[in-house]
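J.: Below is the structure I would like to discuss, written out as structure tokens.
Every read-out reported here was derived from the displayed coordinates using simple, explicitly stated rules and does not represent laboratory data. Source: prediction; values computed, not measured. Quick reminder, even Gly has a Cβ in these numbers, built from the backbone with ideal geometry, and neighbours come from all protein chains shown.
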Amino acid sequence: MSEAMAVPTVARATATVDVAALVVEQLALSFGGNEVLRDVNVRLEAGEITGLIGPNGAGKTSFFNCLTGLYAPQRGSICFGGENVTRVPPTGRAARGFSRSFQHVALCPELTIAENVMIGLDREAAAGWLDAFLPLARGRAERARHRDMALAALARLGIEQVADSLPAQLPPGVLRLAEIARAIAGAPRVLLLDEPAAGLNSVETRDLANALKKLRGPDLVLVVVEHDMDLIMDVCDTIHVLNVGRLLASGSPAQIRANADVVRVYLGEEDE
Ligand SMILES: Nc1ncnc2c1ncn2[C@@H]1O[C@H](COP(=O)(O)OP(=O)(O)O)[C@@H](O)[C@H]1O
Ligand SMILES: [Mg+2]
């Protein structure tokens, strides 16, 4: 006699908590004998602004390069939205919504700000068989759509008025915001900003802080590498401290500020 079919009381495990987080486990990267990242374990949450700080050479940019697939770590894993993307190449990560800005301004001087912002969008545009038949009409429509997306990204950062200017005509603060506009134009789900305040004056830095706070969103993992401690303490929900490739501390701005190890190896040296 068979037992009555049991109806599972728990239909399905819901893993909503993990869905949008970027989870890095036991990440290790080295170049020759130089161990650049050692056993880095970190959970980068959507909906937060995460700060990543540490002295020069700590491995911050290398960590970003591992996240975007530019560098292949020797060990460890990177999972986003529950998917292991450790072996996914940079194009595949871009397709999954990974986006970044670079430590040094990398705008094309011959292109207007709007055109620079559109570069990222044009790159991901599909070139299907239809293009062979309708190259002009389709190309024109796509370009118009990309320009609208670029203008929307510039507007989110409050600099839509410079859309048709060339980079050489603009101050560093605006160029930094333009780079961030390029990084957000495609509606990323992971946004990595490498020293966005480098070279900015205090007014430009304040504008940047306001812009970053507006970018915070429930579906975005936003990570900022920065040396400007006031900016980091102001905008971040969680801060991770990297020191010679190892995670030294993680916590809220208040916890990081009060952490004796952090003060010793990093914050102290900032006051020199
Ligand atoms: N492509 C590379 N080849 C060799 N060494 C590298 C490479 N990229 C980074 N490194 C080394 O990794 C270490 C960390 O550099 P980096 O990630 O740029 O630090 P940070 O951004 O924290 O200043 C440095 O010692 C640097 O020389
Ligand atoms: Mg760096």
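J.: Roughly speaking, what is the centre-to-centre gap between segment 155-216 and segment 234-260 when only Cα atoms are used, to the nearest Å?
T.: Centre-to-centre (Cα) distance: 24 Å.
J.: Also, quick follow-up: How long is the gain from ASN41 to HIS227 if the chain were fully straight, where each residue apart is worth 0.36 nm and the alpha carbon distance is subtracted? Display every interim value, and only then the final one.
T.: Numbers: separation 186, 0.36 × 186 = 66.96 nm, distance 2.16 nm.
Answer, rounded to one decimal: 64.8 nm.
J.: Suppose each label sits 7 Å from its Cα in the direction of the beta carbon; what would the VAL244-ALA152 distance come out to in nanometres?
T.: Each label point is offset 7 Å from its Cα along the Cβ direction, giving 4.8 nm.
J.: Take the Cβ-Cβ distance between ALA254 and VAL105 as r, set R0 to 30 Å, and report the resulting FRET efficiency rounded to the nearest 0.05. Display every interim value, and only then the final one.
T.: On the way: r = 32 Å, r/R0 = 1.08.
Once rounded, the FRET efficiency stands at 0.40.
J.: Further question on the same structure: Which ordering of ARG182, ARG87, ARG143 is given by a fewest-first count of other beta-carbon atoms within 10 Å? Kindly include the intermediate steps, with their values, before the conclusion.
T.: Values: ARG182 24, ARG87 10, ARG143 14.
Least to most surrounded, the residues fall as ARG87, ARG143, ARG182.
J.: Quick one: net charge around ASN65, please, counting Lys, Arg +1 and Asp, Glu -1 for every other residue with C-beta under 13 Å from its C-beta.
T.: Numbers: positive: LYS60, ARG93, ARG100; negative: ASP194.
Net charge around ASN65: +2.
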